[in-house]
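The values are calculated or read from the model by the stated rules, or taken from the named source; none is laboratory data. Not measured: the values here are computed from a predicted model. Glycine also receives a Cβ, built like all others from the backbone with ideal geometry; neighbour counts cover every protein chain displayed. Surface areas here come from the heavy atoms of the whole protein model, side chains and all, with no ligands, DNA or RNA. Shrake-Rupley method; radii C 1.70, N 1.55, O 1.52, S 1.80 Å.
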Amino acid sequence: MPKRIFDPEAPYQPLSGACRLTGLSVHYLREGCKRGTVPHIRCGNEYRVNVPLLLRQLEAQSAANAGDRHEA
């Protein structure tokens with residue numbers, strides 16, 4: 001079987017590729033997929049994470065957290 005090539009430009013990444021691009025752990029992403037908090041699709045037994053949407057969510061959460069700190 002040919003070896004899979006990692007394409008960082010592909011919007012939907014397997015968990016391992018999403019980990020490389022975001023720095024988040026496989027466990028965090030897998031649990032987020034199960035809970036529905038990480039944007040993904042399921043292909044057979046594999047989760048494919050929508051990395052561009054996940055990065056936008058993380059940026060929004062980070063901005064909200066930064067806003068909370070400045071109000072205090």
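Worth a mention:
- One residue alone among PRO52, PRO8 is out of contact with any strand residue (DSSP E or B) (no Cβ under 8 Å at 6 or more places or on another chain) and either in contact (Cβ under 8 Å) with a residue 60 or more places away in the chain or not in a loop (DSSP other than H, G, I, E, B) (or both), and that residue is PRO52.
- Within segment 32-42, if we keep just the residues that are under 18 Å from GLN61 (Cα atoms) and in a helix (DSSP H, G or I), the residue that is most open to solvent (accessible area, probe 1.4 Å) turns out to be ARG35.
- Residue, most open to solvent (accessible area, probe 1.4 Å), within segment 14-31, restricted to residues that are assigned to a helix (DSSP H, G or I) and touching a Cys at 6+ places or on another chain (Cβ under 7 Å): VAL26
- Number of the condition not met by GLU59 [criteria: (1) outside any strand (DSSP E or B); (2) open to solvent by less than 100 Å² (accessible area, probe 1.4 Å)]: (2)
- Among the candidates VAL38, VAL51, residue that is modelled with pLDDT of 95 or more and farther than 17 Å from PRO8 by Cα: VAL38
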